[in-house]
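Contents: one structure, followed by commentary.
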Amino acid sequence: MKRGGIANPAFEPSSPDLRLKPRASVSRPRSSPGRPPPECEEGPCGWGSFTPRALQLCNNPEGYLSAYSLLAVFQDTCQVSGTSNANFTCNTSKESSLSNYLYVFILAQLLLGVGGTPLYTLGTAFIDDSVPKHKSSLYIGIGYAMSLLGPALGYVLGGQLLNIYIDVPLQTSTEIDPDDPRWLGAWWIAFLLCCFGTWLLIIPFSCFPKHLPGTAKVQSEKISEAHDDGSEAFVEDRNIGKNFKDFPVALLILLKNPVLMCLIVAASTEALVATGFATFLPKFIENQFGQSSSYSATLGGIILIPGAALGQVISGILVSKYKLDCKNIIKFILGTCSVALLLNTVFMFSKCGNEPFAGVSETYNGTGKLQNLTAPCNANCNCLRSFYYPVCGRDEVQYFSPCFAGCTSFTVQKRKKTYQNCSCIGMPKRLPDSEEVPFEALAGKCRTQCTFLPLFLGFFFFAVVFTFMAVTPTTVAIFRCVPDKQRSFALGVQSVFLRLVGTIPGPILFGVAIDSTCTLWDVNKCDIKGACWVYDNSKMAYMLIGISAACKVITILFIITAFCLYKPPPDNSATLQKDAEMVSAVHM
């Protein structure tokens, strides 16, 4: 208004077309039209009028992060490792009624997904709301790293519970032990414990207010970095996301955001590799380096869990420390993915060849044929191919079982079986000091001559670190490139893509690739092909590096595309300064 004095821009009406500009609401606090500002919804920690002073110590981002991390740990611990065996006969004319319980487990997994997704969508957005922009990545990185403790605890807990019989009251009366193939472990106890712990966490979660104290101030200082395609102004103008009927429009806005979709596809291909290796890394270590399955699983856990957690924390610290904006965060993601691609070549340089295996890669002392376990030396032994019990001969050749090695007797000394009178085993390649050889075969696989295991573990650890260094920045970049109201929805869309493109097909793709390298399959008494006993190590290594490299290249291409397409909003620092000066003048 202007009445004979100096015009005050703070009281002049907005131009009619101002609200149509993408950056119209950038300098205002992030509160929706028609909704109370965040400061009106900030409150004490408690339940209704019961707000103990002690609880207010947790009414801050650090307190919420602690509750978030605990829930993530308990939620990701339903991932319990365990196997069970069951006897069967060849003439099964009808399916067991127990097969119907498969649908119960499918329903349970669906419910787990419904209940677990809000933590990583709404919960992560709540963290981003409550802390300054440059600290968001640090808090999110810590929360994501803590969630990795869940699977680690699940494996440890599951391993211990499998030593308890599935029907606990019969534990003392049953005549079988955990080494018996009929043994079934009490896998269900872990689910009850996690369920109980998760329900307990409802108590601390329910005490937090809708907004933590100080959220309004934090939001007023944030400047939008949404991709400048006009969607932010449209969302603010139409108040998109307030009603469920806005779902199709809100989804369309996200799907039309090229930067967001490129980041989601890149994250999905990374998830495909991560879940594939998480599932089959122990099998790779076991077959390449001749380790036991339990020791290989331990090594895989030591590499994957700490490496992933360290990568997410480091990336959160770096993004927070250097206060990277959306454009530079995408560049950071590109750099970490490129380094991870280079480190994944460790599969090519640390692969190991197969040890000699009679009937598979080696003949029976010059007799028999390859890919045939039967030879003249064991033709009359009536050996069962369904019974795999490898032994290592004095000729440094591995045999499928003592029977296929032609052994007729054995002795046990210090819990180690040694076999004698083995008609298929030749003379040792390296004679010992004495002329007599005290055994012809030892139980177990032949000791590998490959020494690349420490090299592989070292390089692959850093490959895991750099792979997961992209996880936290990707989440932050997704928050930044979409309108403020659509951050949680964007994470929900990402979650769907991660499962459909990454976490579900990842283990399937890796499993098919590894099965294609099998050279000796288990064939049971029913002539049905079962598990694989022997793999081609070199082919397995090339298959894994091929899948990994292809996914990494796709990731890098989509990250580059996101970087090129991202259009930051116009620089409005001068506008913000001018608005601040005008507000100060009005209050004076």
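Taken together, the residues in region 436-463 that are closer than 18 Å to L304 by Cα and open to solvent by 10 Å² or more (accessible area, probe 1.4 Å) amount to 8. Looking only at region 49-71, residues that are under 18 Å from T215 (Cβ atoms) and outside any helix (DSSP H, G or I) come to 3 in all.
Return only the number of the condition from (1) part of a loop (DSSP other than H, G, I, E, B); (2) modelled with pLDDT of 80 or more; (3) open to solvent by less than 40 Å² (accessible area, probe 1.4 Å) that T418 does not satisfy. Status for T418: all satisfied but (1). Of the residues making up region 183-212, those that are under 30 Å from D167 (Cβ atoms), outside any loop (DSSP other than H, G, I, E, B) and open to solvent by 50 Å² or more (accessible area, probe 1.4 Å) are W188, F191, L192, L193, C195, F196, W199, L200.
M146 meets all of the listed conditions (1) at pLDDT 85 or above; (2) part of a loop (DSSP other than H, G, I, E, B) but one, namely (2). Of all residues in region 369-415, exactly one satisfies the criterion of being open to solvent by less than 30 Å² (accessible area, probe 1.4 Å) and at positive phi, namely G406.
So that you can scan it fast, the table gives a plain yes or no per residue for (1) open to solvent by 20 Å² or more (accessible area, probe 1.4 Å); (2) farther than 27 Å from G46 by Cβ; (3) modelled with pLDDT of 85 or more:
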site: I176; (1), (2), (3): yes, yes, no
site: D180; (1), (2), (3): yes, yes, no
site: G214; (1), (2), (3): yes, no, yes
site: I223; (1), (2), (3): yes, yes, yes
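Filtered by the rule that a residue be more than 19 Å from the chain's Cα centre (by Cα) and among the small types (G, A, S), region 469-510 gives A477, S488, A490. For region 87-99, the count of residues that are in a helix (DSSP H, G or I) and either at pLDDT 75 or above or touching a His at 6+ places or on another chain (Cβ under 6 Å) (or both) is zero. Quick check: is even one residue across region 339-361 over 24 Å from N287 (Cα atoms) and of a type outside the set (A, V, I, L, M)? No, that holds for no residue. Tell me, yes or no, whether region 470-492 has at least one residue that is open to solvent by less than 50 Å² (accessible area, probe 1.4 Å), in contact (Cβ under 8 Å) with a residue 24 or more places away in the chain and closer than 25 Å to E286 by Cβ. The answer is no, given that none of the residues of region 470-492 is open to solvent by less than 50 Å² (accessible area, probe 1.4 Å), in contact (Cβ under 8 Å) with a residue 24 or more places away in the chain and closer than 25 Å to E286 by Cβ.
Residues in region 334-378 that are farther than 25 Å from V523 by Cα and in contact with a Ser or Thr (Cβ under 6 Å, 6 or more places away or on another chain): 4 in all. Within region 288-318, being modelled with pLDDT under 90 and β-branched (V, I, T) holds for T298, I302, I303, I305. Go through T363, T345 for me and flag whichever is without any contact (Cβ under 8 Å) to a residue 40 or more places away in the chain and either open to solvent by less than 10 Å² (accessible area, probe 1.4 Å) or of a type in the set (S, T, N, Q) (or both). Exactly one of T363, T345 is without any contact (Cβ under 8 Å) to a residue 40 or more places away in the chain and either open to solvent by less than 10 Å² (accessible area, probe 1.4 Å) or of a type in the set (S, T, N, Q) (or both), namely T363.
The number of residues in region 481-520 being farther than 16 Å from K256 by Cβ, hydrophobic (A, V, I, L, M, F, W, C) and in a helix (DSSP H, G or I) comes to 11.
Take A250 and decide whether it is more than 17 Å from D128 (Cβ to Cβ), in contact (Cβ under 8 Å) with a residue 60 or more places away in the chain and not in a loop (DSSP other than H, G, I, E, B). So A250 passes the test. Being modelled with pLDDT of 85 or more, open to solvent by less than 50 Å² (accessible area, probe 1.4 Å) and farther than 18 Å from F466 by Cβ is a description that applies to I285. I'd like the full set of residues that are under 15 Å from F205 (Cβ atoms) and of a type in the set (A, V, I, L, M), limited to region 51-68. Of everything in region 51-68, those that are under 15 Å from F205 (Cβ atoms) and of a type in the set (A, V, I, L, M) turn out to be L55, L65, A67. The number of residues in region 543-570 being surrounded by fewer than 16 Cβ atoms within 10 Å (Cβ to Cβ) and either of a type in the set (D, E, K, R) or under 19 Å from I285 (Cα atoms) (or both) comes to 2.
Is it fair to say N239 is farther than 24 Å from H134 by Cα and open to solvent by 60 Å² or more (accessible area, probe 1.4 Å)? Considered against the rule, which asks whether it is farther than 24 Å from H134 by Cα and open to solvent by 60 Å² or more (accessible area, probe 1.4 Å), N239 comes out as no.
Please verify whether region 528-542 includes one or more residues that are touching a helix residue (DSSP H, G or I) at 6+ places or on another chain (Cβ under 8 Å), part of a strand (DSSP E or B), open to solvent by less than 20 Å² (accessible area, probe 1.4 Å) and not aliphatic (A, V, I, L, M). Yes, because at least one residue in region 528-542 is touching a helix residue (DSSP H, G or I) at 6+ places or on another chain (Cβ under 8 Å), part of a strand (DSSP E or B), open to solvent by less than 20 Å² (accessible area, probe 1.4 Å) and not aliphatic (A, V, I, L, M).
The values are calculated or read from the model by the stated rules, or taken from the named source; none is laboratory data. Note that the structure is a prediction, hence the values are computed from the model and not measured. In this analysis, Cβ positions are derived from the backbone assuming ideal geometry, glycine residues included, and neighbour counts consider all displayed protein chains. What goes into the accessible areas is simple: the full protein's heavy atoms, side chains included, and nothing from ligands, DNA or RNA. Shrake-Rupley method; radii C 1.70, N 1.55, O 1.52, S 1.80 Å.
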